[in-house]
Amino acid sequence: MIRNNLESIIRFIQTFNKNHTSVARKVIGASSYIKEFSQKTAKIAESMQQFNLWVEQNKFIFENTEKFWTDFKKECKITEKKAVDVLQKYKWFVTPSFDISFVFKIIQLDKKKGRHDKTVNKLFIDYFSSNNWQKLEVMVDNWRNKPLFKKRSIILRDCIKVLKQLRGKKINESNVILPTLIAQIDGILTDYLVSKNIKWDVAYDDYVQHGKVTKIGRKSQFKRNTSKVLTTQFDDIANDFFLNILFQHSNKGYPLKRPFNFNRHKIIHGGSVKYGRKVYLIRAFLILDFLAYLK
């Protein structure tokens, strides 16, 4: 619809520029005003053509972000709460770059008896890794002009190149790439808060004394000040995974409150050596996709 409207406007400007300007020249002569008008309308048409191309190239943003849940309910006849419950059950979440039909597959699978963790994990892995990681490559490429991602674009594209080059080889790509992605997530968290002029006192969790918060952490500031990406419930499970699982507080020698090897502190500081799994790798890319569409 957006594309059709833009094309109509472009055609109108081009026709007006061609026909009416020539008529005006006959009546008034080669007026500088007419020339200027002709030049400006031509530039407007050109700019709108470029915007139209951008809309076409990035139509998934409009389809999956602005009306994500409206389309999902219409096509799949499933409540948002049901979808969120199933995704949480298997410790997954979705972001703007997903096809709506993929979520439907997960819901349908859960209708069968028992748990289906391995099958759900495989669905996520296959979704991104098929055709030598094509969908993942497209997703990362779509971040290249995002303000928070511009300076990190080369690093993230290099991660994709490594994935593609290691395919089929006996090398665990997650061992190599995941720490790099986590470092970028950490940096983007800081950059986002700085871009909004939001202050904090401590790096991660709030510092609490005698039941009172005396120093504010980045995590709580991020949670309070983020914009909507998909819907409130879908955003909540993405934020929960990002802030309360990946960035979960960790102490050496003590188990995590929410046991999961996908933990920033344990991975970056060498406390965990069993993080090299594709499911963690993909979750890291999904957190980045979530962050890419913050406003």
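The values are calculated or read from the model by the stated rules, or taken from the named source; none is laboratory data. These figures come from a predicted structure and were not determined experimentally. FYI the Cβ positions are ideal-geometry reconstructions off the backbone, even for glycines, and counts take in every protein chain you see.
For residues that are exposed (fewer than 15 other Cβ atoms within 10 Å of the Cβ) and among the basic types (K, R), scanning just the range 76-104, find the one that is nearest to R277 (Cα to Cα).
Once the filter is applied, the top-ranked residue is K89.
Looking at the range 261-268, can you tell me whether even one residue there is under 29 Å from R144 (Cβ atoms), among the polar types (S, T, N, Q), surrounded by fewer than 21 Cβ atoms within 10 Å (Cβ to Cβ) and under 23 Å from the mean Cα position of the chain (by Cα)?
Within the range 261-268, none of the residues are under 29 Å from R144 (Cβ atoms), among the polar types (S, T, N, Q), surrounded by fewer than 21 Cβ atoms within 10 Å (Cβ to Cβ) and under 23 Å from the mean Cα position of the chain (by Cα).
This table checks each residue for (1) surrounded by fewer than 17 Cβ atoms within 10 Å (Cβ to Cβ); (2) assigned to a strand (DSSP E or B); (3) not assigned by TED's automatic domain parsing to the domain that holds R264.
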residue: I185; (1), (2), (3): no, no, no
residue: I188; (1), (2), (3): no, no, no
residue: Y192; (1), (2), (3): no, no, no
residue: N197; (1), (2), (3): yes, no, no
residue: W200; (1), (2), (3): no, no, no
residue: Y204; (1), (2), (3): no, no, no
residue: V213; (1), (2), (3): yes, yes, no
residue: F222; (1), (2), (3): no, no, no
residue: K228; (1), (2), (3): yes, no, no
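Kindly indicate whether K146 is farther than 22 Å from F262 by Cα and in the same structural domain as Y280 (by TED's automatic domain parsing).
It is true that K146 is farther than 22 Å from F262 by Cα and in the same structural domain as Y280 (by TED's automatic domain parsing).
So for the range 254-273 (the condition being out of contact with any helix residue (DSSP H, G or I) (no Cβ under 6 Å at 6 or more places or on another chain) and hydroxyl-bearing (S, T, Y)), does at least one residue qualify?
So far as the range 254-273 goes, yes, one or more of its residues are out of contact with any helix residue (DSSP H, G or I) (no Cβ under 6 Å at 6 or more places or on another chain) and hydroxyl-bearing (S, T, Y).
Of the residues that sit in the range 265-295 and are among the basic types (K, R) and at pLDDT below 95, which one is farthest from K122 (Cα to Cα)?
For the range 265-295, the residue satisfying everything is K295.
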